[in-house]
Amino acid sequence: MIIGIEEDGEGCASRINPIILHNVENEKLSINNFLNDSIKPRISGLDLEFVAVGGGHVLVIRVPKSFYPPHRTNGGGSSRYYVRNSSGVHEADVDELRAIFLQGTMIREKVRHFHAERTALIMENRGIYPIKREGGQIILHIQPMSAFGDHIPLNPVEVRAIESEFRPQVPVGGSTSPRINIDGFAVLGHSKESSIGYCQIFRDGRVEYTRNTIWGELEDGSKMLSNINVERHIVGSACKFLKGLKALSLTPPMLVSASLVDVKGCVLQQSGWHDYEPNYPLEHNILVLPEIFLDFYATDKEYQAALRPMVDGFWNAFGRDCSPNFDSNGNWTPAP
């Protein structure tokens, strides 16, 4: 969209009519704030640029394809939905709105299906690389919505240049090994004895992370899950991978999904807890955590706050109200 160009009677550009501005940066900030306040949900990746021309400026607004439609305008004290076709823009009718809502729902269902399907394959040891199923597994996916539309496939060589952003967490003495593969690029994690997980970046920008040995078995046969380790695999890994996706210019929004498998009967490690605090064994073999929708790139602290409902869901499964590893301001402060 270009503002500052006149059109003729047939809808074609005829001449430049520049906008006269006194402070370009202030004007840009004002328009950005107005758009963020007036369009719900926000359009991720919206870009504004003032181009100097003819003694003034032309405003270029780049509007990416939305994967979270429809978007409502709140201008003038009323809420409306608009659609564009070859003859212009008009307010959406009931049938058009129904079709748009269904389109958004279908995309979100595809995202959920991908996580469920990949989780089943990994449990059958048919993931990107065979990982020994011992001590349970955590499976994390970050899926840009752009993976379900028109996109330029990632070049694995470019991913390799920033492979440190996608290294899986490994124990002391462990190692990682990056490699290009047919699906894109992967970084494998190894303990001293065997492979324990991997991070795969698919060519469409989706990230798959898996790690085994998330619980340990005690002498009495009980299975103890380390809450700190699980939170680090979710929050720490997701924050790092999101930085990598941003460096690769993947456009938000994104959906973060996570599941724990082979965890039936596990209880939480209760170091420092009071005896009266609940710690119910998990009743299901697969624990699917609440998914998180991220519509913009942010700082680590903002990611941590956004991921909190997923982490709290993990604690809810054991009868706890929420994770104790967030302070009163919502900052993630895990014990060392």
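Descriptive notes on the structure:
- For the stretch 223-245, a tally of residues being among the basic types (Lys, Arg) and modelled with pLDDT of 95 or more returns 2.
- Of the residues contained in the stretch 169-188, one or more are found to be touching a Cys at 6+ places or on another chain (Cβ under 8 Å), in the same structural domain as Val311 (by TED's automatic domain parsing) and either crowded, with 19+ Cβ neighbours inside 10 Å or not charged (D, E, K, R) (or both).
- Condition check for Pro278: modelled with pLDDT under 90, out of contact with any strand residue (DSSP E or B) (no Cβ under 7 Å at 6 or more places or on another chain), farther than 17 Å from Met123 by Cα and assigned to a loop (DSSP other than H, G, I, E, B): yes
- Close pairs from the stretch 302-328: first part of a loop (DSSP other than H, G, I, E, B), partner of a type in the set (Val, Ile, Thr) and surrounded by fewer than 19 Cβ atoms within 10 Å (Cβ to Cβ), Cβ under 6 Å, at least 6 apart: Asp327/Thr333
Residues checked against (1) of a type in the set (Val, Ile, Thr); (2) assigned by TED's automatic domain parsing to the domain that holds Leu140; (3) more than 26 Å from the chain's Cα centre (by Cα):
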{"residue": "Ser226", "(1), (2), (3)": "no, yes, no"}
{"residue": "Val235", "(1), (2), (3)": "yes, yes, no"}
{"residue": "Lys240", "(1), (2), (3)": "no, yes, no"}
{"residue": "Pro252", "(1), (2), (3)": "no, yes, no"}
{"residue": "Ser259", "(1), (2), (3)": "no, yes, no"}
{"residue": "Tyr280", "(1), (2), (3)": "no, yes, yes"}
{"residue": "Gln304", "(1), (2), (3)": "no, yes, no"}
{"residue": "Met310", "(1), (2), (3)": "no, yes, no"}
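- Here the strands (runs of 3 or more DSSP E) wholly within the stretch 153-266 that include at least 3 residues being free of Cβ contacts under 8 Å to residues at least 60 places away in the same chain and farther than 23 Å from Cys322 by Cα are 175-181, 184-190, 195-202.
- Residue that is nearest to Lys223 (Cα to Cα), among those in the stretch 147-168 that are in contact with a strand residue (DSSP E or B) (Cβ under 9 Å, 6 or more places away or on another chain) and crowded, with 17+ Cβ neighbours inside 10 Å: Pro168
- For beta carbons closer than 6 Å, sequence separation of 6+ or different chains, a first residue in the stretch 9-30 that is outside the structural domain of Glu49 (by TED's automatic domain parsing) and over 15 Å from Gly56 (Cβ atoms) and a second that is modelled with pLDDT of 85 or more and hydroxyl-bearing (Ser, Thr, Tyr), there are no qualifying pairs.
- Hits in the stretch 246-262 (condition: aliphatic (A, V, I, L, M), modelled with pLDDT of 95 or more and crowded, with 19+ Cβ neighbours inside 10 Å): Val256, Ala258, Leu260, Val261
The values are calculated or read from the model by the stated rules, or taken from the named source; none is laboratory data. Note that this is a predicted model, so its numbers are computed, not measured. Every residue, glycine as well, gets a Cβ built from its backbone with ideal geometry; the counts of neighbours run over all protein chains shown.
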